[in-house]
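Asks: Structure provided below as structure tokens; questions to follow.
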Amino acid sequence: MAGYNYTALAKYAEKHWKNYNPSYRTFNGVGGDCTNFISQSLRAGGWKNDTGWYKSYKNWWYNSSNQTWSWTSVNHWASFALHSKRTYNLSNVYHMGVGDILQMDFSSNGSKDHSMITTYRSSSGVPYLTYHSSNTYRKSVASIVASNRGATYYAFRT
């Protein structure tokens, strides 16, 4: 989308995949930090706050004392991202570029479980994802798919 800085977005994610940014709370003990991490990265790339009720999927923001559910929850983020038209779904995970988001439903039960951000594409076009909760740097989408065969994948172009 126009106005986003994909280089800044990827640089932020690659800087903070292991060394968490102390300006943000972490959510590892309460469901995981993966969506909080992609939200931070998206903000670094130019996503602006969308203020309103913290429980509404129509809002996305973070401040020193609270944040929307869409900032930290996998499913709420997906609802916000599509509703706000900040993203659209890609038909194939291999079409992801730097700054795009991949979400997984590990058990294919209709509820997404994990969020990751594309921070690199190899010369052969393979997307590499960086993420929190298990603090991972540039894992290939091929490796992720191969080790999670029963999962359902949702790729978002940002």
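The values are calculated or read from the model by the stated rules, or taken from the named source; none is laboratory data. All values derive from a computational prediction rather than experimental measurement. Heads up, the Cβs are rebuilt from the backbone with ideal geometry, glycines too, and the neighbour counts pull from every protein chain shown. Note: areas computed on protein heavy atoms with side chains; ligands, DNA, RNA excluded. Shrake-Rupley method; radii C 1.70, N 1.55, O 1.52, S 1.80 Å.
Asks: List the pairs whose first member sits in the stretch 122-138 and is in contact (Cβ under 8 Å) with a residue 12 or more places away in the chain and on the phi > 0 side of the Ramachandran plot, whose second member is of a type in the set (Gly, Ala, Ser) and surrounded by 15 or more Cβ atoms within 10 Å (Cβ to Cβ), and whose Cβ atoms are under 6 Å apart, counting only residues at least 6 apart or on separate chains?
Replies: Correct list of pairs: Ser133/Gly32.
Asks: Among strands (runs of 3 or more DSSP E) lying entirely in the stretch 101-158, which contain 3 or more residues that are modelled with pLDDT of 95 or more and either hydrophobic (A, V, I, L, M, F, W, C) or more than 23 Å from Arg86 (Cβ to Cβ) (or both)? Steps first, please.
Replies: Details: elements: 101-105, 114-121, 127-131, 136-140, 152-157.
Qualifying strands (runs of 3 or more DSSP E): 101-105, 136-140.
Asks: Next question, about the same structure. Identify, please: which residue in the stretch 87-98 is of a type outside the set (A, V, I, L, M, F, W, C) and in contact with a helix residue (DSSP H, G or I) (Cβ under 8 Å, 6 or more places away or on another chain) and is, among those, surrounded by the most Cβ atoms within 10 Å (Cβ to Cβ)?
Replies: So the first thing to find is which residues in the stretch 87-98 are of a type outside the set (A, V, I, L, M, F, W, C), and the list is 87-89, 91-92, 94-95, 97.
Now narrow it down to the ones that are in contact with a helix residue (DSSP H, G or I) (Cβ under 8 Å, 6 or more places away or on another chain): 87-89, 94, 97.
Working: Thr87: 20, Tyr88: 12, Asn89: 11, Tyr94: 14, Gly97: 15.
Ranking the qualifying residues of the stretch 87-98, first place goes to Thr87.
Asks: Of all the helices (runs of 4 or more DSSP H) wholly in the stretch 1-85, which have at least 3 residues that are open to solvent by 30 Å² or more (accessible area, probe 1.4 Å)? Talk me through it step by step, then tell me what you get.
Replies: Numbers: elements: 6-16, 34-44, 69-72, 74-83.
In the stretch 1-85, the matching helices (runs of 4 or more DSSP H) lie at 6-16, 74-83.
Asks: Restricting to the stretch 86-100, give me the number of residues that are within 23 Å of Ala8 (Cβ to Cβ), hydroxyl-bearing (Ser, Thr, Tyr) and part of a loop (DSSP other than H, G, I, E, B). Write out each step before concluding.
Replies: First, pick out the residues of the stretch 86-100 that are within 23 Å of Ala8 (Cβ to Cβ): 86-88, 90, 95-100.
Next, from what is left, pick out any that are hydroxyl-bearing (Ser, Thr, Tyr): 87-88.
From what is left, the residues that are part of a loop (DSSP other than H, G, I, E, B) are 87.
Within the stretch 86-100, residues that are within 23 Å of Ala8 (Cβ to Cβ), hydroxyl-bearing (Ser, Thr, Tyr) and part of a loop (DSSP other than H, G, I, E, B) number 1.
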